[in-house]
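S.K.: Let me give you the structure first, and then I'll get to my questions.
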Amino acid sequence: MDKRTKLKTLCETRWAARADTLFTFKASFGTVVRTLDDLAKHYDAKAGAYKAAISQFSFIFTLVVVEHVLSACMPLSKQLQATLFMRSSASCNGR
């Protein structure tokens with residue numbers, strides 16, 4: 001993982017914004033697992049539990065599928081937001 005890459009906070013309200021977060025997590029997955037493993041070796045129980053959870057097939061499969069679906073939705077989401085913004089601005093300027 002590049003030293004400048006940081007894991008991002010997951011946005012709770014904007015589904016399309018989650019694609020970037022999930023992409024970053026997926027790209028740094030190996031580093032995250034190794035880090036959690038190192039922490040678990042130093043008796044950090046939570047790190048061991050997190051590593052076990054994210055190492056399961058169901059988690060990895062869901063991560064890959066959801067990131068792929070949300071990435072496909074991003075262009076449409078941006079286009080709709082731009083259209084709604086333009087309509088909102090036009091209606092406010094017309095008053």
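No lab work stands behind these numbers, since they all come straight from the coordinates. From a predicted model like this one, the values you see are computed outputs, not experimental measurements.
S.K.: Given 4 °C and 1.567 mPa s, how large is the Stokes-Einstein diffusion coefficient of the range 18-93 in µm²/s, with Rh as the Kirkwood radius over Cα pairs?
M.R.: 87
S.K.: Additional query: For the range 22-39, in order, what is each residue's ³J(HN,Hα) by Karplus, 6.51 cos²θ - 1.76 cosθ + 1.60 with θ = phi - 60°, in whole Hz (x at glycine and Pro)?
M.R.: Rounded to whole hertz, the list is 5, 4, 4, 5, 5, 5, 9, 4, x, 5, 4, 5, 4, 5, 5, 5, 4, 5.
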